[in-house]
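Only one structure is covered here, and it is reproduced in the block below.
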Amino acid sequence: MRQAVEDEGNALVVASDTAGPEAVAGPPGRRAGPRGAADLAIKLAGVLAVLVVLELCSRFGLLPRRWFPPVSEMYAELFRLAAQQPLWVEVGRTLRAWAVGIGLATLLAVPAGVALGSSAVAYRMSRIVIEFCRPIPSVALIPLAVLVYGTGLEMKVFLIAFATFWPLLFQTVYGVQDVDPVARDTARAYGLGAAARFWVITIPSAAPYIATGLRIASSIGLVLAVTSELVGGATGLGRAIVVAQSAGQITLMYALIITTGLLGWALNAVFAAVERKALRWHPAQRQEVAR
């Protein structure tokens, strides 16, 4: 009897030594909740600390209150605006141009990236043209866009599409070029045709790169949308900020600026969530969930 107990105890010790930290610590799902809550609490504490410091700097005169009102007044104005329709009208105008510009850039950049990534000759032929056009600041094209398209939606769409085309193009090219040669050769050995290899091997390999390009392009597109409204005079949040500044409504101006920041954060969060959901099969996403 004693021998059986000792054997069982030794077996438990061996099992605990060989099972690894996951078996000792328990399933990761049990730790994800507390760890995620703690991480969120730390992030919120950091944001709150910055807001408190800015509030005190304005209240005690370290920042000129005339040009930088207390943060509490900015958010009070933001909450007041959120209950009114005009704010959402301006947000809708900005988002409309952003969505159309991102969609147009995606329709153009992804097929072009697939073509360039699949052909080394095509990539070398277009390299000089791409390297000439890519460094051109999109803001520098605002005068040209205003002359050609006026100050309406078309001007904003052109600038957003131009700025977001490049990250989408290069991410697609890198994704296509990063296809595992072993997977490609295996598919060819099993008799899969070129079209089948494209849909089964190339597209899944490039999907994470394209998703990252879309997430980067979403932020760039919002920057260009607001900038074109600020400089070009198109309707939207940027023009509302300029009008508030010209009228001396500084608190309103800051409330609108905060709105653009919250909008950018929300768009990035949405794209990140969709990326995790759509690419949950990818090893990188599984490792992120495990952490």
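The values are calculated or read from the model by the stated rules, or taken from the named source; none is laboratory data. Being a predicted model, the structure only gives us computed values, none of them experimental. Note that each Cβ is placed from the backbone with ideal geometry, even for glycine, and that neighbours are counted across all protein chains shown.
Within the stretch 227-280, which residues are charged (D, E, K, R) and farther than 25 Å from Phe162 by Cα?
Step one: list which residues in the stretch 227-280 are charged (D, E, K, R), which gives 229, 239, 275-277, 280.
Listed by number, the residues that qualify are Arg276, Lys277, Arg280.
Going by the structure shown, is Arg93 surrounded by 15 or more Cβ atoms within 10 Å (Cβ to Cβ), within 26 Å of the chain's Cα centre (by Cα) and either part of a helix (DSSP H, G or I) or at pLDDT below 90 (or both)?
So Arg93 passes the test.
Out of curiosity, is Val129 more than 15 Å from Ala161 (Cα to Cα), in the same structural domain as Ala211 (by TED's automatic domain parsing) and either hydrophobic (A, V, I, L, M, F, W, C) or touching a strand residue (DSSP E or B) at 6+ places or on another chain (Cβ under 6 Å) (or both)?
yes
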(request) Please specify each residue of the stretch 162-209 satisfying the condition of being aromatic (Phe, Trp, Tyr), modelled with pLDDT under 80 and loosely packed, with under 13 Cβ neighbours inside 10 Å. (result) Tyr190
(request) Could you check, for the stretch 198-216, whether at least one of its residues is touching a residue at least 40 places away in the same chain (Cβ under 8 Å), within 24 Å of Gly152 (Cα to Cα) and not small (Gly, Ala, Ser)? (result) no
(request) Report, ordered by the first and then the second residue, all pairs with beta carbons closer than 6 Å, sequence separation of six or more or different chains, a first member in the stretch 65-77 that is part of a loop (DSSP other than H, G, I, E, B), and a second member that is of a type in the set (Ser, Thr, Tyr). (result) Arg65/Ser58; Phe68/Ser58; Pro69/Thr251; Pro70/Ser58
(message) Filter the stretch 234-251 down to the residues that are in contact with a helix residue (DSSP H, G or I) (Cβ under 6 Å, 6 or more places away or on another chain) and at positive phi and list them by number.
(response) Gly236
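Can you spot a residue in the stretch 134-143 that is within 18 Å of Leu108 (Cβ to Cβ), among the basic types (Lys, Arg) and surrounded by fewer than 16 Cβ atoms within 10 Å (Cβ to Cβ)?
Yes, the stretch 134-143 contains at least one residue that is within 18 Å of Leu108 (Cβ to Cβ), among the basic types (Lys, Arg) and surrounded by fewer than 16 Cβ atoms within 10 Å (Cβ to Cβ).
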